[in-house]
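Coordinate-derived values only; no laboratory data. As the structure is a computational prediction, the values presented were derived from the model and not from experiment. As a convention, Cβ positions derive from the backbone with ideal geometry for all residues, glycine included, and neighbour counts pool all protein chains shown.
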Amino acid sequence: MSPSHQLPKNYDIEDVERRWQSTWRDEDNYFDPASKKPRFIIDTPPPYPTGNFHIGNALNWCYIDFIARYKRMRGYNVMFPQGWDCHGLPTEVKVEETYGITKNDVPREKFREMCRDLTLGNIEKMRATMRRLGFSTDWSHEYITMLPDYYKKTQASFLQMLKAGDIYQSEHPVNFCTRCETAIAFAEVNYAPRTTKLNYFDFDGVEIATTRPELLAACVAVAVHPEDERYRGMKGKRLSVPIFGHNVPIIEDVAVDPEFGSGAVMICTFGDKTDVYWWKQHGLDLRKAVDRQGVMTATAAPYTGMSSEDCRKAILADMEKAGILKRQEELEQRVGTCWRCKTPIEILSERQWFVRVHQDEILDSARKISWTPEHMFTRMENWANSMEWDWCISRQRIFATPIPVWFCTACGEMVLPAEEDLPIDPTVDKPKTPCPKCGASDFTGEKDVLDTWMDSSISVLHVTGWDGAGKPPLFPAQIRPQGHDIIRTWAFYTILRAKALAGGHPWDEILVNGMVLGEDGFKMSKSRSNIISPEEIVGQYGADALRQWGAGGAATGSDIMFNWNDVVAASRFQTKLWNIFRFVMGHLEKGADPDAPVTELTDRWLLVRLSETVAEVTAAMEGYQFDRALKAIREFAWNTLADDYIEIAKGRLYADDSSRASACNALRTTMDILCRLLAPIIPHFAEECYHNLAGGSVHKEVWPDFSYADDEARRHGDLLVKTVAELRRYKHDKGMALNAPLGHVMIYAPEPVDDAGDAGRALNADAYWSTGTPRLEEVVSGVDFNMAVIGPTLRKQARGFMQAVEALPPELLKNPPAAVTADGEEIPVPPGSFTPKVAYRVAGEEVDVLTLGDVVVTIGHQP
Ligand SMILES: [Zn+2]
Ligand SMILES: [Zn+2]
């Protein structure tokens, strides 16, 4: 125990937090594979290494760290790993910008190396922020998806699913970003509103309305509703496509909306998802008018080589010239855009690799997982039910896990590496044996690479110890914490892959956090300049204040608006707690028998309230309701402990009395438990206090298992607290100093209360409790006039009236007569013109009386 005079008056955040961060050892947070304790494995999100650990990450990691620290204290063998999901386009773009090159200017491996170097530097920056925030990460379980140790597992998972028939390649329409020049999955398409023109034109005698005239060259049919009278008997006829001249059939389909435009639509390969549906349904031709760069192909001659935008203008101009463009209307539509670069996506038919999506299996698994908050399961369910296409996993990029496949140049046979030879890059490495089908030994390596979600969707297999075969030894993990923005990607794909590769659901629980909005209520973005960085907050108020903001800012799962006031309030709470702590330490070190029992009412009452707080905080932590946990701790520390208990028991702590030890020990227990309750949320502060109080580290202690039931202490203590608070208010209303002597106070309560003299000391009064009834004598001591009534009603008679009333005997003041006589004149008494002043006496002494429910307090002016 440190002497309190050595405790600085002010809590120096920077000093305390840095000091503990350099004292704590990484090994203390390592998962222990040999441990007999129940395990608690967290499938932590691997962030994209942008170099900037943003506030949304910070919120997510605060939740994870609260859980990790809490579970350790509950006796679990916790694994809080840290992964880095490295692959992807943003890094490629950054490298291209930094070196002024494009990805095709250098060899693939050289380009990858540049991406890797950039990524490693970014990871280092983000690690530093995470350490400054005090997260208890298990750095022995760090993984980096771009390194061979990890991506060989991604490749193994690909081969296994390929062999099991869950992965296939096929020429199929996919969402394609022509700016990023890669296929993307449906989950990566965002929808944004856009105003566009609906163009009505004459299509060989049939009126057609289209928003995509540039796709006219890709038109493969015209569709009408089978019951549309306007087109009766047209089915099977062929129409000549304007400008391009090829013939297309008229088909009927019930999915055509007869109310839209003229009721006839052109089907192009591909304007949207519906085109894909019709194309498949009716076995139509495939005409590719747009290529991977968004440029018009030879099929679109004479517009070949134009961008699709230029082609649209040119075709409309040519239609106008030919006199077939009838009219144009404005149209609001939702257009799919690339999630990375916001370019409108095209649907192109390409040879791609796909993962088969079995919705039922995924939902089956998802139902076995406990979702917090519960309603997030519905998002998963809706997404799974809306999936129409399989998951496109091939990308036409470089910085990604290579697809480990070769094709025999002679016969086209697909050749796979042995799993023990992984990782491989098929564009560099060669098969070890000749083609099993034709014996040739010339191969072409697959150039496509894998979607980065193929890496991250096996994070749970990796952390549970997957060696590439079957169910991992520690599978499933206990919890997956993640944001609601990646339910349809990371959560969905992980559930899919866990089922395919390990045969079960990936985690027992999933905890979904909300997004952080700027102070203006909008998503944080550079253009709104409402971005707040964790470093900015920590620099001013420290990590613990940021962590309190994370815990208390919103209910788990809700979006949370950043608010500096919350951070300031958090920091004030620490100041308040530090003052309480110093006060307590000052008294403890004056010496008190630590084994002395807690005997006095106020002390027992404090322990009852402490026990209730422990139960509340424990229940909240079990349900991941960090806001509820923090609120209960703050209310206890600020109201119960500081405002109520210390104010009442303080006198006894200064007194040289045997009841002093009772108070000291109640306070010692309270501070010890408070430190433990605070440890997961504000680890630095809790450590600083606990170390001074008890020595050792609070993070190696167990979660408090404290219950203290004492109904009488609860009842009597509440009464005492309420009475003292009322009497303090009474003093304040009388303009008395709080420590001014109050005189003789009798508290008449329904039960006998023994407060060990606390009320008297707290009020500086001669206070006694009694179960009797006060013998109150009511006396009329004067009269209060209501001038608002008297003035206007009596005017000149007012003065005489008031004198006459003052002269009335007390019983007439209580029961006013109909009239009074003044200067020989009868004056009727206006209703409500006066009220008698009543005073009370006990045994002839005048007292003030307060009534608090069934408690009556009399205050005598002098003892
Ligand atoms: Zn893009
Ligand atoms: Zn072959």
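Any chance you could check the Cα centroid distance between the stretch 790-815 and the stretch 29-80 for me, in angstrom? Value for the Cα centre distance between the two parts: 79 Å. Summarising the overall dimensions of the stretch 404-447 from its C-alpha atoms, the Rg and Dmax are 9.4, 26 angstrom.
Taking the fewest neighbouring Cβ atoms within 10 Å as the starting point, the ordered list for Cys115, Cys62 is Cys115, Cys62. Which angle between 0 and 90 degrees, to the nearest 10, do you get for helix 376-386 versus the longest principal axis of the chain when only C-alpha atoms count? That works out to roughly 20 degrees.
On the beta carbon distance between Trp339 and Met414, with R0 = 25 Å, the FRET formula returns roughly 0.20.
In the chain, Rg over Rh equals 1.16, where Rg is the alpha-carbon radius of gyration and Rh the Kirkwood radius from pairwise Cα distances. Cβ crowding within 10 Å ranks Thr211, Thr489 as Thr211, Thr489, fewest other Cβ atoms first. Summarising the label geometry, the points placed 7 Å from Cα in the beta-carbon direction at Lys163 and Asn385 lie 3.8 nm from one another. Relative to the current alpha-carbon distance between Glu778 and Asp310, full extension at 0.36 nm per residue lengthens the span by 158.7 nm. Relative to the longest principal axis of the Cα atoms of the chain, helix 55-73 runs at roughly 60 degrees. Modelled spin-label separation between Glu27 and Asp364, with each label point placed 7 Å from Cα along the Cα-to-Cβ direction: 4.6 nm. Take the cross-link list Lys110/Lys499; Lys71/Lys650; Lys237/Lys326; Lys152/Lys700; Lys368/Lys526; Lys36/Lys163 and give me the ones stretching past 29 Å between alpha-carbons. From the list (Lys110/Lys499; Lys71/Lys650; Lys237/Lys326; Lys152/Lys700; Lys368/Lys526; Lys36/Lys163), the Cα-Cα distance tops 29 Å for Lys110/Lys499; Lys71/Lys650; Lys152/Lys700; Lys368/Lys526; Lys36/Lys163.
The modelled label-to-label distance between Ala555 and Ser533, using points 7 Å beyond Cα along the C-beta direction, is 3.5 nm.
Peptides 65-77, 433-445, 97-109 ranked from most to least packed give 65-77, 433-445, 97-109, packing being the mean of other C-beta atoms within 10 angstrom over each peptide's residues.
Taking a ≥ b ≥ c as the square roots of the eigenvalues of the Cα gyration tensor, an a/c ratio of 1.5 or more together with a/b larger than b/c marks the stretch 83-139 as prolate. The coefficient of translational diffusion for the stretch 560-709, derived via Stokes-Einstein from the alpha carbon Kirkwood radius under 10 °C and 1.306 mPa s, stands at 100 µm²/s. You can think of it this way: the chain between Glu207 and Asn639 has 147.9 nm of extra reach, that is 0.36 nm per residue less the Cα-Cα gap. Among 383-393, 642-652, the peptide with the highest mean count of other Cβ atoms within 10 Å heads the list, and the full ranking is 642-652, 383-393. Alpha-carbon geometry of the stretch 254-360: the Rg and the Dmax are 16.3, 54 Å, given in that order. Shown here for the stretch 743-830: trypsin sites (Lys or Arg not before Pro) in loop regions (DSSP other than H, G, I, E, B) with at most 14 other Cβ atoms within 10 Å, namely Arg775. Using the Cβ-Cβ distance between Ala655 and Ala725 with R0 set to 22 Å, the FRET efficiency works out to roughly 0.55.
P(r) tail for the stretch 601-650: Cα pairs beyond 13 Å make up 55% of the total.
Here the gap between Val568 and Glu97, fully extended at 0.36 nm per residue and compared with their Cα-Cα distance, gives a gain of 165.6 nm. Once the Kirkwood radius over Cα pairs is known for the stretch 182-348, the Stokes-Einstein relation at 20 °C and 1.002 mPa s delivers a diffusion coefficient of 130 µm²/s. Here the calculated FRET efficiency for Asp520 and Asp733, from their Cβ-Cβ distance with R0 = 35 Å, stands at 0.20, rounded to the nearest 0.05.
Each of Cys438, Phe407, Ile424 was scored by the projection of its Cα onto the charge dipole of the stretch 404-447, and the greatest displacement toward the positive side belongs to Cys438; charges sit on the C-beta of Lys, Arg, Asp and Glu.
Magnitude of the charge dipole for the stretch 365-467, about its Cα centre and with charges confined to Cβ atoms of Lys, Arg (+1) and Asp, Glu (-1), is about 140 debye. Per residue, the average separation of C-alpha pairs within less than 8 Å and at least 6 apart gives the chain a relative contact order of 12 percent. Each peptide in 616-627, 586-597, 503-514, 242-253 gets a packing score, the mean of other Cβ atoms within 10 Å over its residues, and the list from highest to lowest is 503-514, 616-627, 242-253, 586-597. Here the residues Ser457, Ser140, ranked from fewest to most Cβ neighbours within 10 Å of their Cβ, fall in the order Ser140, Ser457. Shape index of the stretch 524-606: Rg/Rh, with Rg the Cα radius of gyration and Rh the Kirkwood radius from the inverse mean 1/r over Cα pairs, equals 1.21. A Cα-only calculation for the stretch 776-842 places Rg and Dmax at 12.4, 41 Å.
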